[in-house]
Amino acid sequence: MTPNVRSAEVATNDKSAAAPSKEQSFLRLDGTDLHIGDLPPITFHGFASQGFLSSDTYNYLGKTKEGSFEFTEAAVNASISPFARTRISAQAFLFDVGNVGRWSLGLDYAMIDYTLRDEIGFRAGRIRRPEGIYNSIQDIDLTRTSVLLPQGMYDARWRDFNASVDGGSVYGNIGMGGAGSFSYEVYGGQVQLTEQGGVARWLQDLLNNPPTEYAGLHGFPQAGLQLWWTTPIEGLRAGAAWTEAFGFSYDYKLNVPPVFGGGPHHSEIDAPSEHVSLEYQHKSWTFQAEYKHSVYDSKDDLRGPSKSGNDTWYVGAAYRVNKWFEVGSYYTEYYADVSQREGTDAFQKDFALSLRFDPLPWWIVKVEGHSIHGTALLRDNANNPPAMHNNDGWFMLALKTTISF
Amino acid sequence: MKTNLFNSLILALATLWIGFSAARAESTVDVIANNSVAAASLDKAGLKDTLTGKTAYWPGGEAVTIIVLDGKTDAGIEESTGMSASAFKTFWQRLAFSGRGKQPKTADTVEKLMAMVAETKGAIALVPAGTATAGVKKIEVK
């Protein structure tokens, strides 16, 4: 809905409002705005985060048993509104979590966004994929209380699989009077995967065991929908999302004589997911709960077809004590196979307690403890021999600091 | 005698309640905008939509630029958006770093804020109620 304009008057004395004065140079930086002549300003923002992870039993998200500083994220974005109702924006991003990412600089999003009216707009280019409360911002530390999001739902290593699509979306917000408002975003596009990404590292870990050998992976088309209902209860919103990865595939070799099935092989997976979310913000409190269920429908030219599914949920709360201190906590469970909820590697349950300090408006420091049971999300057999996995409790400490502008 | 006392008590309570309600209804902030903004007034829902990015453009197509007076209009942000000032900041960081919005600018004094609003086409800001609005336009909130 456009603002309810009761009466309008078009100003006639604003022709010089945004024009630089004669004393101003052709190129000037004003805060985070870069002015070039009479063009609309280009606005820049960015952040850099450095973390430290330490765990007592398993190597999780890196070689954390000995303490790991391999936990970095940084981004710089720029945006400009060159025409009416139009915005062009792009963000460069790099990250490292253990052996994933390796500080490889990539384009996080780069798109043109045209808002026809509040009820309908279009984005085209590389877009951050909306799903649940955090998917589009899962690697932006400054937007949350915790260091690590619930990892069964927002795995820090799998960002190339989850973060962006090359394609487009249609979005909008529809007012419903006394029933609140309803927003939607429908998207589709191609997901690009990298050999430094979490999916590739997982497959390399899984398949580089003689006689099998990892031989590469392929991007895939993905489509989805995110709906949000902002309820008439102030601060309460409910969301539902659906997404499907169509034909994610990888190759491997079986190094045995052909008569025993040796040679190159191909595996392809369709993966639909449903995701529901609830968030309530009241004064200094934030409450969140989410559930996600995914299905993996596989076709492998050696092993034949198979079907499995996993699910995960969490509940969390955060309280902003004052301008510089916030405390939060969540409890989450992840099940690798919904038909097998007990046993070694079947689940991972995590209780997290987070402290966030904002000593300056541009500087954040976080301290977080994780009490974990289960090993279903370790995914790093090279550094966690499966024979040592058990369901006993273990602990992880996470520290992180972020600066932003 | 008892009836008179009871009536006086009811009258006093009613007066207190009316006074309290009036105080509650009075906004702690005024809304100002750059002179390029065509709107002369907004209703409360329109103001909330504008400050929370649901309305990203003015009716003429000009991009909304929000400017925040750092730390001095926190109550006004809460009454206009339903979010605390820190939640409002986080909300906009979420939009900006996912490519879905333009983060508000900040000013640390009223004078700087007024200058920024006067210079920035499409700008909107909250200022402490009663602030002189020379060089910018005041938006009536209904």
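On the given criteria, is residue A:139 under 16 Å from the mean Cα position of the chain (by Cα) and outside any loop (DSSP other than H, G, I, E, B)?
no
Which of the residues that make up the stretch B:93-117 are of a type outside the set (D, E, K, R), crowded, with 18+ Cβ neighbours inside 10 Å and assigned to a helix (DSSP H, G or I)?
Selection gives B:93, B:95, B:96, B:97, B:113, B:114, B:116, B:117.
Return only the number of the condition from (1) surrounded by 15 or more Cβ atoms within 10 Å (Cβ to Cβ); (2) within 24 Å of residue B:49 (Cα to Cα); (3) at pLDDT below 95 that residue A:186 does not satisfy.
Residue A:186 satisfies every listed condition except (3).
Output yes when any residue across the stretch B:28-45 is crowded, with 23+ Cβ neighbours inside 10 Å and within 28 Å of residue A:93 (Cα to Cα), and no when none is.
no
Please count how many residues of the stretch A:115-132 are at the interface with chain B (Cβ under 9 Å from one of its Cβ atoms), crowded, with 24+ Cβ neighbours inside 10 Å and in a loop (DSSP other than H, G, I, E, B).
Looking only at that region, the number is 1.
In the stretch B:88-134, which residue that is more than 10 Å from chain A (Cβ to nearest Cβ) and of a type in the set (Gly, Ala, Ser) is nearest to the chain's Cα centre (by Cα)?
The qualifying residue nearest to the chain's Cα centre (by Cα) is B:125.
Restricting the first residue to the stretch A:233-245 and requiring it to be modelled with pLDDT of 95 or more, which pairs with a second residue that is of a type in the set (S, T, N, Q) and open to solvent by less than 30 Å² (accessible area, probe 1.4 Å) meet a Cβ separation below 6 Å and a spacing of at least six or different chains?
A:239/A:277; A:241/A:226; A:243/A:273; A:245/A:222
Got at least one residue in the stretch A:286-307 being surrounded by 19 or more Cβ atoms within 10 Å (Cβ to Cβ) and hydrophobic (A, V, I, L, M, F, W, C)?
no
Given the conditions (1) farther than 23 Å from residue A:333 by Cβ; (2) more than 9 Å from chain B (Cβ to nearest Cβ); (3) of a type outside the set (Val, Ile, Thr), and given that residue A:152 satisfies all but one, which numbered condition is not satisfied?
Failed condition: (1).
Since residue A:386 meets every condition but one in (1) crowded, with 16+ Cβ neighbours inside 10 Å; (2) more than 21 Å from the chain's Cα centre (by Cα); (3) away from chain B (no Cβ under 14 Å), which condition does it not meet?
(1) is the only condition that residue A:386 fails.
Just wondering, is there one or more residues in the stretch A:136-146 that are facing chain B (nearest Cβ under 9 Å), at pLDDT 95 or above, farther than 27 Å from residue A:327 by Cβ and crowded, with 23+ Cβ neighbours inside 10 Å?
No, the stretch A:136-146 has no match at all.
Looking only at the stretch B:58-73, how many residues end up being in a loop (DSSP other than H, G, I, E, B) and either open to solvent by 20 Å² or more (accessible area, probe 1.4 Å) or more than 11 Å from chain A (Cβ to nearest Cβ) (or both)?
7
I'd like the full set of residues that are surrounded by fewer than 22 Cβ atoms within 10 Å (Cβ to Cβ) and more than 11 Å from chain B (Cβ to nearest Cβ), limited to the stretch A:90-106.
Correct list: A:92, A:94, A:96, A:99, A:102, A:103, A:104, A:105, A:106.
The values are calculated or read from the model by the stated rules, or taken from the named source; none is laboratory data. Here the structure is a predicted model, which means the values were calculated and not measured. Here Cβ is always computed from backbone atoms with ideal geometry, including for glycine, and neighbour counts include all displayed protein chains. What goes into the accessible areas is simple: the full protein's heavy atoms, side chains included, and nothing from ligands, DNA or RNA. Shrake-Rupley method; radii C 1.70, N 1.55, O 1.52, S 1.80 Å.
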